[in-house]
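One structure is given here, and the rest of the page talks about it.
Just so you know, all these numbers are worked out from the coordinates, no wet-lab data involved. Quick caveat: nothing in here was measured; it's all calculated off a predicted structure.
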Amino acid sequence: MEGAGGKPTAVVAVVTEPRFTQQYRKYLEKQKLLDRQHRVKKLRDGTVALPVLREVLLEQHLRELRNRVAPGSTCVLTQLLDPVPSKKAQSYSPAQRLCLEVSRWVEGRGVTWSAELEADLPRSWQRHGDLLLLSEDCFQAKQWRHLEPELWETVASALGVQRLAKRGRVSPDSTRTPAVRMLLGDHGWVEHVDNGIRYKFDVTQCMFSFGNITEKLRVASLPCAGEVLVDLYAGIGYFTLPFLVHAEAAFVHACEWNPHAVVALRNNLDLNGVADRCQIHFGDNRKLKLSNVADRVNLGLIPSSEEGWPIACRVLKQDAGGILHIHQNVESFPGKTLQPPGSSEMEEHWPSPQQIISTQLKNGAPSDSRRKTLSVATKPEWQRWAEAAETRIATLLHQVHRKPWKTQILHIQPVKSYAPHVDHIVLDLECRPCPLVD
Ligand SMILES: C[S@@+](CC[C@H](N)C(=O)[O-])C[C@H]1O[C@@H](n2cnc3c(N)ncnc32)[C@H](O)[C@@H]1O
């Protein structure tokens, strides 16, 4: 989400001789015609151009200027192609600018501006290059309907973009498809560059979470050279790509059942030059045919990836085992924080991606010596969920491989706050088959 804005490419201005500037300004201000967002400009021929609100300006205003306000003045209209924002406009936040420009435009269309309309304007949005993705909870009042589609041009212009889309709810099914509708522009394809990786996708068909950047950075820094990874919920490649490009995984099996995400994933693998190290398994991962191949499994589905746990256990290498990265939304309650031994008060922020939570070892298994661990606080609910997940997975591993396995909680990584008191976290769970004893 962001709050940056832009400026329109052209404004309309009334041109007159410099000696009439003050009379013109006074009249235009009084009539609420003056565009306060842009500066008055001196033109090459010595005349001045006063930016005006074209939606409310009538021929009759021009006549009045010419005949009554400043008799004898030249009064013509022009377009200023590169208008300079006024000092006042520069100090506005994008949301304020949006409010100002939309309210003026709406009034120019004869609709009364109201507190209800103002409260219905967007306060935050996702910017994807020249496309702005508005959240679901704005432009819901009935009055807007009569103002479409031109309204969207005013909104886009106020926020400095060419295309506009509006989000509905992320579908409750596991495709996590966002019900996104284009308001302005003829397609929803956008491009992002994150940590040197290019992602292209259609915002109307695939989801993108800016909040997962911490986890993308973290997986990029994992030591995966020579490893085979199974990404059970690959999407457009949010994790598959950092594993391949930065963590140097030797090969990734990427599972995805949303055909639009698969198109984007294939394209993104090509764009980043790693298509030869990835096999896409299109379809429901619960029907995946693979087994006994993986050193690592990524289970990036929230609110829970639990349905994928049996598959994750099955694809792990039978003789060597590996590491699971299990995403989960965990509910917790304010005020409770587990302090690791020797740590001081926990600050009110999450650790950076590089900070890793070390938790107590279970089953006497050795720690992953390649990892740098840093003790920071975790919430008791996270710890409890992780322990329950560990127990469940140890049971599944035993069932799937018909022999006992050791499991060990390596880390619990907070990714983002998903909702009040709900945190998206990742559990790194090491799973190793127990050595056979004679
Ligand atoms: C949350 S998105 C993944 C995005 C990434 N993990 C993230 O958090 O940004 C989950 C992806 O898993 C896919 N998916 C969910 N259930 C699946 C299943 N049973 N088989 C294959 N793909 C599945 C969805 O289509 C979606 O693209």
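The table that follows gives values for the structure above.
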read-out: Directionally averaged projected area (convex hull, Cα atoms, segment 77-201), nm²; value: 10.7 nm²
read-out: Relative contact order of segment 64-158, pairs being alpha-carbon contacts under 8 Å that are 6 or more residues apart, as %; value: 24 percent
read-out: Set LYS32/LYS88; LYS200/LYS287; LYS287/LYS403; LYS379/LYS416; LYS216/LYS289 screened for pairs whose C-alpha atoms are more than 19 Å apart; value: LYS200/LYS287; LYS287/LYS403; LYS216/LYS289
read-out: Anchor LYS142: lysines whose Cα lies under 25 Å away (excluding residues fewer than 8 positions away in-chain); value: LYS166
